[in-house]
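One structure below.
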Amino acid sequence: MAGADLGGGGSRSHKKKGSSIKKPKRIGFSLDMTPLVDVAFLLLTFFMFATTMAQPQIMEMSTPPQLDVPIDVQASRLVTIYVRFDGKIFYNTGLDPAMQPLELNKIKEFSVQRNSEKGNDLITSLKVDPRAKYSQLIKVLDELNLAEGDLTEKYKQQKTTRERRFAMVQMTEQDKEELAKL
Amino acid sequence: MAHKPKRVGFKLDMTPLVDVAFLLLTFFMLTAKFKSDAESEQKFEIKRPTASADTAKLPEMGTATVKIGIEKGGDTVMYYTVANEKDRGAIYTQVPGITMEEASKKAQVMVPDTTVLGHLVLATRSKTSNKVKFAIDADRRINFGRIEQVMNTFRSQGATTFNFVTVSQQSSGKD
């Protein structure tokens, strides 16, 4: 085996030597890249389809713990936002129980304004009708969160800290009746 | 003219093509985030609500998620999943109402009612020594009443802080 190999190698090198005068020295080489490209594109397509681009975000929410004793709140500190079954938004304050309509894109402004008046004392509560759509709740919460961002910024400038007082409260039958009249 | 042979086929320099292909391939390989076990089991798609204010990402680990979606037939279904694989089985098996087979095999279990959900939340809290983050991942078309039930269950089990899973406005683009 070894002998044959040696012989083959020797004869080949001999041939080369002979032909090297005629053949020009090769610079560079060409390689058929088609299979490489095929595989590359296959993998590319796979990763493109398998990857999930939109990473879900989270919106933090806290509910008050269940207490047996109800806590009394000053009526002047309270503002309630209602979301009716059809998604329409209303609000009232502790002092003025008449419900006023509120536009979704006005909530941010409304929240900033009300909170600026009362400072950290204002308690915002949100009551959503069980028949209302979940997306509407998120939209309202989003607006309130945007307002919260503005407020935190404002408080930072005034060198005070913002304490958010917000709760989601179950909508009562009475609220539903009131809302249905509007 | 006549002596020139007719050209059959042609040569194309594929180097730039390969360069770009590999560049993209590397990009996708590095950024790829695969579907979790729970997601691949899921037979429905959740159309998440859009939000812009919060930019915090949903952590991959240490979460327990209640998924509420709409199946093809139009029925609302509720599933529960714990992100940590090692705790999963232990939590699911503790809960009455979930079959052993489902508990041991599935990454996410179907929740028939809020009583079972309550048990699941309680089991999760005790198993993970209360370090887990709860999340509600619901379809935006769901009625709030469903969400409220889940929220009340969380609350009654002492999980007063939880998260709503949303998607950023830019990436979904509509509604």
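Of note:
- Of all residues in the range B:126-136, exactly one satisfies the criterion of being within 14 Å of chain A (Cβ to nearest Cβ) and either among the aromatic types (F, W, Y) or assigned to a helix (DSSP H, G or I) (or both), namely B:F134.
- Qualifying positions in the range B:92-114 - hydrophobic (A, V, I, L, M, F, W, C) and either in contact (Cβ under 8 Å) with a residue 24 or more places away in the chain or surrounded by 12 or more Cβ atoms within 10 Å (Cβ to Cβ) (or both): B:V95, B:I98, B:A103, B:A107, B:V109, B:M110, B:V111
- The set of residues in the range A:123-182 that are exposed (fewer than 15 other Cβ atoms within 10 Å of the Cβ), of a type in the set (S, T, Y) and under 21 Å from B:R155 (Cα atoms) contains only A:T172.
- Any hit, the range B:69-79, residues being within 14 Å of chain A (Cβ to nearest Cβ) and loosely packed, with under 10 Cβ neighbours inside 10 Å: no
- Condition met for A:R162 (in contact with a helix residue (DSSP H, G or I) (Cβ under 7 Å, 6 or more places away or on another chain), modelled with pLDDT of 85 or more, in a loop (DSSP other than H, G, I, E, B) and among the charged types (D, E, K, R)): no
Matching residues to (1) at the interface with chain A (Cβ under 8 Å from one of its Cβ atoms); (2) outside any loop (DSSP other than H, G, I, E, B); (3) of a type in the set (V, I, T):
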| residue | (1), (2), (3) |
| --- | --- |
| B:S104 | no, yes, no |
| B:P112 | no, no, no |
| B:T115 | no, yes, yes |
| B:G118 | no, yes, no |
| B:T166 | yes, yes, yes |
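- Considering residues of the range B:13-49 that are part of a loop (DSSP other than H, G, I, E, B) and of a type in the set (F, W, Y) only, the residue surrounded by the most Cβ atoms within 10 Å (Cβ to Cβ): B:F44
Conditions (1) surrounded by 14 or more Cβ atoms within 10 Å (Cβ to Cβ); (2) within 14 Å of another protein chain (Cβ to nearest Cβ); (3) among the hydrophobic types (A, V, I, L, M, F, W, C); (4) assigned to a strand (DSSP E or B), marked per residue:
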| site | (1), (2), (3), (4) |
| --- | --- |
| A:Y82 | yes, yes, no, yes |
| A:Y91 | yes, no, no, yes |
| A:D96 | no, no, no, no |
| A:V112 | yes, yes, yes, no |
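Here's the yes/no breakdown for (1) assigned to a helix (DSSP H, G or I); (2) surrounded by 12 or more Cβ atoms within 10 Å (Cβ to Cβ); (3) of a type in the set (F, W, Y); (4) at the interface with chain B (Cβ under 7 Å from one of its Cβ atoms):
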| residue | (1), (2), (3), (4) |
| --- | --- |
| A:F29 | no, no, yes, no |
| A:P35 | yes, no, no, no |
| A:A40 | yes, yes, no, yes |
| A:M48 | yes, yes, no, yes |
| A:I58 | no, yes, no, yes |
| A:M61 | no, yes, no, yes |
| A:P65 | no, no, no, yes |
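- Any hit, the range A:138-153, residues being farther than 14 Å from A:L78 by Cβ and among the hydroxyl-bearing types (S, T, Y): yes
- A:L141 being within 14 Å of another protein chain (Cβ to nearest Cβ), closer than 14 Å to A:R162 by Cα and at pLDDT 85 or above: no
- Screening the range B:13-68 for residues that are out of contact with any Phe, Trp or Tyr (no Cβ under 9 Å at 6 or more places or on another chain), hydrophobic (A, V, I, L, M, F, W, C) and within 29 Å of A:G149 (Cα to Cα) and picking the one that is farthest from the other protein chains (Cβ to nearest Cβ) gives B:M61.
- Pair list, Cβ < 6 Å and 6+ apart or interchain, from the range B:137-148 residues that are within 7 Å of chain A (Cβ to nearest Cβ) and buried (at least 19 other Cβ atoms within 10 Å of the Cβ) to residues that are among the small types (G, A, S) and in a helix (DSSP H, G or I): B:R140/A:S135
The values are calculated or read from the model by the stated rules, or taken from the named source; none is laboratory data. Note that this is a predicted model, so its numbers are computed, not measured. Quick reminder, even Gly has a Cβ in these numbers, built from the backbone with ideal geometry, and neighbours come from all protein chains shown.
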